[in-house]
Amino acid sequence: MSGLTLQAAFTSGELSPSLSARVDLAKYQQGCRTLLNFKIQPHGGAVKRPGFLLLDELPGEAALIKFAFNKEQTYCLALGEKWMRVFIPDGPVLNDKGEVYQIATPYTLEQARQLSVAQSGDLLFLACWGVAPHKLKRLGHAQWEFEAMSFKAPIKAPSYVSAEMHNEAKKSDGSLSEAQLTTPYTYYVTAADKDGRESELSRGGSITGPASNNWQAGDYIAVSWGGSAGATEYRLYKSSFGGRPGFLATSTSGSYNDYNAAASLSEGAPKYEDPFPSNDYPGVVSFFEQRLIFASTPNRPQTIWMSKSGDYGNFAQYTPVTDDAPLELTIASAEVSSMCWIAALRSLVFGSTSMEWEISSSQGAFTAKTAKATPQSYIGSRQIPSIIVGNTVLHVARSGAQVRDLKYDFGADSYGGTDLTIMASHLLERYHVTGWTYQQHPDSIVWAVRSDGVLLGMTYQPEHQVFAWHRCETQGRFISVCSIPDDHDDALFAVVERNGRIFMESLADEYIDGDYSLAVFLDCAMVYDQPGRKIQTVRGLDHLEGMLVGVLSGGAVEPSKIVTGGSITLEQSSDRVIVGLEYVADLETMPVEIVGQEGSSVGRKKYINSVSIHFHQTANAKVGVTFDRLENVKWRSTENYGDAPRAVSEVKSVTVRSLAENVATVCIRSDTPTPMTILALMPQLDVK
């Protein structure tokens, strides 16, 4: 029995070895046994990943944080042990002296790795256990500043308040009508700044005046107070018989005449108290419906604090509670679990170490009076920020060995999710995710750093049922990653440890087509582009001293060389040279099986005679049935002698050496710094 099989897409990604016999699964037909240093495109192709370009050497390990003011002003912040550097896709931000810009931070490296962040314009709000909440302010391209948040009143209250009774009521004959002074009144004043933020109540100014129902026309109480620096408005509050003060009036001067105005008890003045006393600082921060949110302190792991609506620094107490007042909410559950992340969607969704919750309104708009918490699932999360893709939340499960999604289900009126690692569980069986980021363009990939330093990628487009895992390995160890928007594609930054040194690198641009002499397929690479100025010796390679490097010179692959004295010598001079660490890209199919009149080929001896491969813009490849027995694919056609082969898009047929085995696969390798994209595979299978 023989047959020609077709694998027309790779959108299932690298599949677990335990699925090797599940030929009944639709995803089996689009999966691979090995996807090393390949990326999966959402429409099905497998493309060799670009290399990483060197940006800078760092003082030590660092956590990466995204800062995006708009599409044009984006940064990647590298936070290490009490230091921070700022990067753009072209490299580090420099100060006025041309030196790498670096400032001190209040965070250790371990705290930087646990940071939760929320951005509003040029402000980044940061939270982690052990350090008071801070704001990181961008004052300029190379001017950044950390500032501890203050939960005190933003402006001082007036220093004094005085009240004086004026008895000016007249009788019908024009004589003075004496007031009946029987009711004690107390007046309070708060100051408000230009943003409308209010101070606490001043000391009261007391006086005895007429009862509200015995007030004569013409009588009034004159209230005056001391000014407050920065105040643009004053707000008066009034109480009688020592009761709760109610809002009376506003004034822009330092005085007010009360002609028996009624105070509104539905409005009260703020009372400022530190919501995080005794260094009990929150570990999570976010925004929701114009409120700044903090959550989960060491002593109150299931408590959420929400600021006043539209006033991010206001966590004061108001009596009575108004709709826009700050809110403190403690979740009741069987297990007391710290919160790991918060995501703002149609409602507020957060994950703790034991379960996932939704915070929404019990009726109408979300207010301090209507907030309620409802459990959604009992999975539990790891202390890693969630990622939002479209309207879906991605989070790492408590074990660190699962990635799950969480999406609103209109039918169930709740959030539910699935395990996105179920088909590739082997990638995290003995490891866990330490950090991740989402690169929306060009291929919608979630990049996750594994605990052993391998970088995992998951091409994720849920609307097309695509979640394809692949692995990225390098000569070193990935530490952290971060993606920020750039001109066309999103830029991916990575902190990588190589031979005990720490580097900041960025994923090179995608190769599209045509001349690939400047396409980067080497890691920790440097590009020398000097049109018309050919060089024979490449210098400035101190970061690769003593290492074996690959070279692409004018599009031609040169023999590997060892860097000595920070330089290498080329075989031929060139004005376009790329030097960096080599990596191998491997693709292996799932076991190839067919079903014919004689039954299934599963478990029977079989071998592959030949394989046809649909390449796209590819310049070099090796093909075989194992990685130990590979055949070179012939590429040259009409190129001149000495010229690099062109990248071609066509179907190549290769006869391979094969023995009859119970399991037969197709293996494809790219071991030169040249492009490769595979669109389809067509192996010819013979079954004994």
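Is it the case that some residue within segment 577-586 is modelled with pLDDT under 95 and open to solvent by 10 Å² or more (accessible area, probe 1.4 Å)? No; the residues of segment 577-586 include none that is modelled with pLDDT under 95 and open to solvent by 10 Å² or more (accessible area, probe 1.4 Å).
Residues in segment 171-187 that are in a loop (DSSP other than H, G, I, E, B) and of a type outside the set (S, T, N, Q): Lys171, Asp173, Gly174, Glu178, Ala179. Within segment 193-224, restricting attention to residues that are surrounded by 14 or more Cβ atoms within 10 Å (Cβ to Cβ), part of a loop (DSSP other than H, G, I, E, B) and not small (Gly, Ala, Ser), the residue that is farthest from the chain's Cα centre (by Cα) is Gln216. Scan segment 270-283 and tell me whether some residue there is of a type outside the set (Ser, Thr, Tyr), in contact with a Cys (Cβ under 6 Å, 6 or more places away or on another chain), surrounded by 14 or more Cβ atoms within 10 Å (Cβ to Cβ) and more than 26 Å from Met165 (Cα to Cα). Yes, the conditions are met somewhere in segment 270-283.
If you take just the strands (runs of 3 or more DSSP E) that sit entirely in segment 431-511, which of them hold at least 2 residues that are among the acidic types (Asp, Glu) and more than 26 Å from Cys340 (Cβ to Cβ)?
In segment 431-511, no matching strands (runs of 3 or more DSSP E) lie anywhere.
Check segment 228-239 and report whether any residue there is closer than 24 Å to Asn167 by Cβ, more than 46 Å from the chain's Cα centre (by Cα) and part of a strand (DSSP E or B). Yes, segment 228-239 contains at least one residue that is closer than 24 Å to Asn167 by Cβ, more than 46 Å from the chain's Cα centre (by Cα) and part of a strand (DSSP E or B). The residue that is surrounded by the most Cβ atoms within 10 Å (Cβ to Cβ), among those in segment 563-576 that are among the charged types (D, E, K, R) and in a strand (DSSP E or B), is Arg576. Give segment 237-263 a look and list any residue that's farther than 14 Å from Tyr185 by Cα and among the aromatic types (Phe, Trp, Tyr), or say none. Matches in segment 237-263: Tyr256 only.
When segment 289-313 is examined, which residues are found to be open to solvent by 10 Å² or more (accessible area, probe 1.4 Å) and either within 19 Å of the chain's Cα centre (by Cα) or not acidic (Asp, Glu) (or both)?
Within segment 289-313, Gln290, Pro298, Asn299, Arg300, Pro301, Gln302, Lys308, Ser309, Gly310, Tyr312, Gly313 qualify.
Okay, residues lined up against (1) out of contact with any Ser or Thr (no Cβ under 7 Å at 6 or more places or on another chain); (2) open to solvent by less than 20 Å² (accessible area, probe 1.4 Å); (3) not aliphatic (A, V, I, L, M):
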| residue | (1), (2), (3) |
| --- | --- |
| Gln376 | no, no, yes |
| Gln383 | yes, no, yes |
| Ser386 | yes, no, yes |
| Val393 | no, yes, no |
| Val396 | no, yes, no |
| Thr418 | yes, no, yes |
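Do we find that Gln402 is in contact with a helix residue (DSSP H, G or I) (Cβ under 8 Å, 6 or more places away or on another chain), under 22 Å from Thr353 (Cα atoms) and open to solvent by 10 Å² or more (accessible area, probe 1.4 Å) in this structure? When the stated conditions are applied, Gln402 passes them.
Flag: Thr190 does not match the condition of being open to solvent by 50 Å² or more (accessible area, probe 1.4 Å), assigned to a strand (DSSP E or B) and either modelled with pLDDT under 95 or closer than 30 Å to Arg291 by Cβ (or both). Of all residues in segment 35-51, those that are farther than 24 Å from Ile578 by Cβ and open to solvent by 10 Å² or more (accessible area, probe 1.4 Å) have Cβ atoms under 9 Å from Cβ atoms of residues that are of a type outside the set (D, E, K, R) and outside any strand (DSSP E or B), 6 or more apart or on another chain, in Pro42/Thr11; Pro42/Ser444; Pro42/His464; His43/Ala9; His43/Thr11; His43/His464.
There is no residue in segment 251-267 that is in a strand (DSSP E or B) and under 30 Å from Trp129 (Cα atoms).
Looking across segment 278-301, just one residue is under 13 Å from Trp341 (Cβ atoms) and in contact with a Gly (Cβ under 7 Å, 6 or more places away or on another chain), and that is Ser296.
Table: residues versus (1) in a loop (DSSP other than H, G, I, E, B); (2) under 13 Å from Thr459 (Cα atoms); (3) modelled with pLDDT of 95 or more; (4) touching a strand residue (DSSP E or B) at 6+ places or on another chain (Cβ under 7 Å).
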site	(1), (2), (3), (4)
Gln29	no, no, no, yes
Arg33	no, no, yes, yes
His43	yes, yes, no, no
Glu61	yes, no, yes, yes
Lys66	no, no, yes, yes
Asn70	yes, no, no, no
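The residues of segment 448-491 that are more than 19 Å from the chain's Cα centre (by Cα) and among the hydroxyl-bearing types (Ser, Thr, Tyr) amount to a single one, Thr474. A residue that is within 30 Å of Leu55 (Cα to Cα) and either over 38 Å from the mean Cα position of the chain (by Cα) or of a type outside the set (Asp, Glu) (or both) can be found somewhere in segment 585-598. Please indicate, with yes or no, whether at least one residue in segment 103-124 is in contact with a helix residue (DSSP H, G or I) (Cβ under 8 Å, 6 or more places away or on another chain) and either farther than 15 Å from Ala494 by Cα or among the aliphatic types (A, V, I, L, M) (or both). Yes, the conditions are met somewhere in segment 103-124. Across segment 225-256, the number of residues qualifying as open to solvent by 40 Å² or more (accessible area, probe 1.4 Å) and in contact (Cβ under 8 Å) with a residue 60 or more places away in the chain comes to 4. When restricted to residues that are in a loop (DSSP other than H, G, I, E, B), open to solvent by less than 20 Å² (accessible area, probe 1.4 Å) and not aromatic (Phe, Trp, Tyr), segment 512-542 contains 5. Scanning segment 596-606 for residues that are open to solvent by 10 Å² or more (accessible area, probe 1.4 Å), touching a residue at least 40 places away in the same chain (Cβ under 8 Å) and either in contact with a Gly (Cβ under 6 Å, 6 or more places away or on another chain) or not in a loop (DSSP other than H, G, I, E, B) (or both) turns up Gly596, Ser600. Considered as a group, the residues in segment 321-339 that are farther than 19 Å from Gly196 by Cα and in contact with a Gly (Cβ under 8 Å, 6 or more places away or on another chain) include one that is surrounded by the most Cβ atoms within 10 Å (Cβ to Cβ), and that residue is Met339.
The values are calculated or read from the model by the stated rules, or taken from the named source; none is laboratory data. In this text the structure is predicted, and so the values were computed from the model without any measurement. Methodologically, a virtual Cβ is constructed for each residue, glycine included, from the backbone with ideal geometry; neighbour enumeration extends over all protein chains shown. Accessible surface areas use protein heavy atoms only, side chains included; no ligands, DNA or RNA. Shrake-Rupley method; radii C 1.70, N 1.55, O 1.52, S 1.80 Å.
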